[in-house]
Amino acid sequence: EEEMVFPTGPIIYEINTRVWLRDLCRKYRRPVELGTVPLEEWDALASLGIDALWLMGVWERSPRGVRIARNDQGLRKEYALALPDVSPEDVVGSPYSIHRYKVEKRLGGSEGLAHARKMLASRGIGLILDFVPNHVAADHPWVNEHPEFFIEGNGEDLVLAPYEFFVSGGRIFACGRDPFFSPWTDTAQLNAYHPGFRKEAAETLLKIAALCDGVRCDMAMLAVGGVFEKTWMSRAGEAADKEFWEEIISHVRARYPEFLFIAEAYWDLEWELQRQGFDFCYDKRLYNRLVGGKAEDLRLHLCAELDFQRRLIRFIENHDEPRAASAFPGPANRAAAVIMATLPGAKLFHEGQFEGRKIKLPLQLGRRPTEEVDERLCAFYRRLLSVIRSPSFREGAWGLCETIDRPENGTHKNLLSWCLRGHEQRFLVVVNVSHQRSQGLVRVPLVEIKGVRVVLNDLLKSLKYERPGDEMVDRGLSVDLDPYGFHVFEF
């Protein structure tokens, strides 16, 4: 098949596949799998204006992982908070405790996934799936067939850290882990240095690449040499000559040159992962600074090189973070959405974000509670996505704008602003990231508007203003915004 070529700054929409299909079963009062999703549902997704759909959690989940998820006391408390009437049948195990890279039969299997991809492709939408480099389920076939692929322990480890190791086939294996948190007890830790595992990982990714247009790589930074070595030290054996991702990505790209690689990345390793071949890396720093709510911290982050920023994926919600309507209450939600959506790079939205869902669902659950839909928020997001889909907006030359004190009350420091110069269009974004009314002058660095009257069309509020171009460039455009207010102007 012809490969999908994504546009600049693709808009990606994440769906919890299991939960989404269950909701469709209830909506249509019949079983719904990936191969039997009604056409109007694919049309509804296409109407959002997205470029890719990330079907999160399609791979076969671990039976052992399901048992662990149902018996873990800490998780059971989380389930009850999110879903008060939770039952054991609602606990379906973690989608990141992968038993095999085969599409779950209850989701429609490989045929159902192929049909879903066809439905998406006919609407110009690519398909993104998961790949987990760091670990597999503790009952994955490799544990018995290729124990050499894993980090192993000994009897002393099992006594001193029983929750960090497990026994299978008479051997002791380490549970998968992030060095800063407790291990994932339903997983087995892979050895990123082992050549046999690398070969198998590359072949697995090639098989995945035949089914979709890109992968979101879970905790991608854990496979970076420096991180892996510090986490496992002598247990991992001799370090490999080549970085894991450089080897794996080049292997896949030789067959699928347009295949998209997205890294879940933290710890300031985004640039390193981009260097190793990733198209986009999570911009968790932007998210953290949006939560912090200080314009100056955000401005400093946005001073990074433009080539670097264009390869970040911006978000204010995904399955790992609190719901945006909860993390950014009231008008702060819209302000945060405008910021992340109008910056260079890819944009990630999460199903339920547009509707204003507030309950973060534990990944081990296959059912979610009913929540009231915020129709006004839905309308806002539809308008926002229609704006950022513009080719001029995606491909325009981007730059920060200077904000100047006016009146002399210092509130201009609460304003963030940038402009985009497209082929025939010009855009200006101004956002107040504080809970106080803020004023200032925004200098617009577009010399081509000098000497003309400029009509400013606010694309999200259906308002128009007229200003002299000279004034906007030299003195600055006068802005007065309510708490978390914003303008998205087209000239």
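The values are calculated or read from the model by the stated rules, or taken from the named source; none is laboratory data. Since the structure is predicted, the reported quantities are computational estimates derived from the model, not experimental observations. Ideal geometry is used to build each Cβ from the backbone, glycine not excepted, and the neighbour counts take in all protein chains shown. Just so you know, the surface numbers come from the protein's heavy atoms only, side chains and all, with ligands and any DNA or RNA stripped out. Shrake-Rupley method; radii C 1.70, N 1.55, O 1.52, S 1.80 Å.
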**Q.** Selection of GluC sites (Glu not before Pro), segment 321-401, meeting DSSP coil and at most 10 other Cβ within 10 Å
**A.** GLU372
Q) Between the DSSP loop rule and a limit of at most 16 other Cβ atoms within 10 Å, which chymotrypsin sites (Phe, Trp or Tyr not before Pro) in segment 144-195 are left? A) TYR163, PHE180, PHE181
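Please report, in cubic angstrom per residue, the volume enclosed by the convex hull of the alpha-carbon atoms of segment 124-217.
Taking the convex hull of the Cα positions in segment 124-217, it is 107 Å³ per residue.
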Q. Magnitude of the Cβ-charge dipole of the chain, K/R +1 and D/E -1, about the Cα centre, nearest 20 debye?
A. 1200 debye
(Q) Output wanted: per-residue J couplings in Hz (rounded whole) for segment 214-231, from phi through Karplus 6.51 cos²θ - 1.76 cosθ + 1.60, θ = phi - 60°, x for Gly and Pro. (A) x, 10, 9, 8, 5, 6, 4, 5, 5, 8, 5, x, x, 5, 4, 5, 5, 6
Q.
Just to verify a number: what accessible area does CYS281 come out at with the full protein assembly present, 1.4 Å probe, Å² rounded to tens?
A. 0 Å²
Q. Which whole-Hz ³J(HN,Hα) couplings does segment 235-252 yield from phi under the Karplus relation 6.51 cos²θ - 1.76 cosθ + 1.60, θ = phi - 60°, glycine and proline marked x?
A. 4, 7, x, 6, 5, 6, 6, 10, 4, 3, 5, 4, 5, 5, 5, 5, 5, 6
Q) Going by accessible area, probe 1.4 Å, with all protein chains left in place, what is the ranking of MET340, MET119, largest first? A) MET119, MET340
Q. What accessible surface, in Å², does a 1.4 Å probe find on LEU463, ignoring ligands, DNA and RNA and rounding to the nearest 10?
A. 80 Å²
Q. Rounded if a/c is under 1.5, else prolate if a/b is larger than b/c, else oblate: which is segment 1-156, with a ≥ b ≥ c the root eigenvalues of its Cα gyration tensor?
A. oblate
Q. On the first, second and third principal axes, largest extent first, how far apart are the outermost C-alpha atoms of the chain in Å?
A. 79, 54, 46
Q) In units of 2.2 N^0.38 Å, what is the alpha-carbon radius of gyration of segment 5-49? A) 1.34
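What number, in percent, do you get for the relative contact order of the chain if the mean sequence gap of Cα pairs under 8 Å and at least 6 apart is divided by its residue count?
The value is 13 percent.
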(Q) Show me the trypsin sites (Lys or Arg not before Pro) within segment 246-283 that DSSP assigns to loop and that have at most 13 other Cβ atoms within 10 Å of their Cβ. (A) ARG255
Q) Treating the beta-carbon of each Lys and Arg as +1 and of each Asp and Glu as -1, no other charges, what is the dipole magnitude of segment 45-180 about its Cα centre, to the nearest 20 debye? A) 540 debye
(Q) Ratio of alpha-carbon Rg to the 2.2 N^0.38 Å globular estimate for segment 298-428, to two decimals, please. (A) 1.19
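Give me the accessible area per residue for segment 348-491, probe 1.4 Å, as a whole number in Å².
That works out to 46 Å² per residue.
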Q. If you take every DSSP beta bridge whose two residues both sit in segment 40-184, what share of them, in percent to the nearest 5, is antiparallel?
A. 75 percent
Q: Let me have the 222 nm mean residue ellipticity of the chain computed from DSSP H runs of 4+ only, each contributing -39500 (n - 2.57), with the sum over all residues rounded to the nearest 500.
A: -9500 deg cm²/dmol
Q: Return the carbon/sulfur percentage of the accessible area of the chain, one whole number, probe 1.4 Å, all protein chains in place.
A: 51 percent
Q. How would HIS423, HIS115, HIS412 line up by accessible area, probe 1.4 Å, largest first?
A. HIS423, HIS115, HIS412
Q: Starting from the amide H of LEU477, placed 1.01 Å from N in the peptide plane, find each other amide H under 5 Å away whose residue is 5 or more places distant or on another chain.
A: VAL442, ARG443, VAL444
Q) In terms of solvent-accessible area of protein heavy atoms at a 1.4 angstrom probe, what is the ranking of VAL159, VAL430, highest value first? A) VAL159, VAL430
Q) So what's segment 197-327 giving for Rg/Rh, alpha carbon basis, Kirkwood Rh from the mean inverse pair distance? A) 1.01
Q.
Translational diffusion coefficient of segment 436-491 at 37 °C, 0.692 mPa s, Stokes-Einstein with Kirkwood Rh over Cα pairs, in µm²/s as a whole number.
A. 279 µm²/s
Q | Exposure of LEU39 as accessible area (Å², to 10), given a probe of 1.4 Å and all protein chains | A | 100 Å²
Q | Rounded Å value of the spacing that divides the Cα centres of segment 167-217 and segment 302-321 | A | 26 Å
Q.
Need one number: % antiparallel among DSSP beta bridges in the chain, to the nearest 5.
A. 65 percent
Q: Determine the shape class of segment 96-155: with a ≥ b ≥ c the square roots of the Cα gyration tensor eigenvalues, call it rounded for a/c under 1.5, and otherwise prolate if a/b is greater than b/c, oblate otherwise.
A: prolate
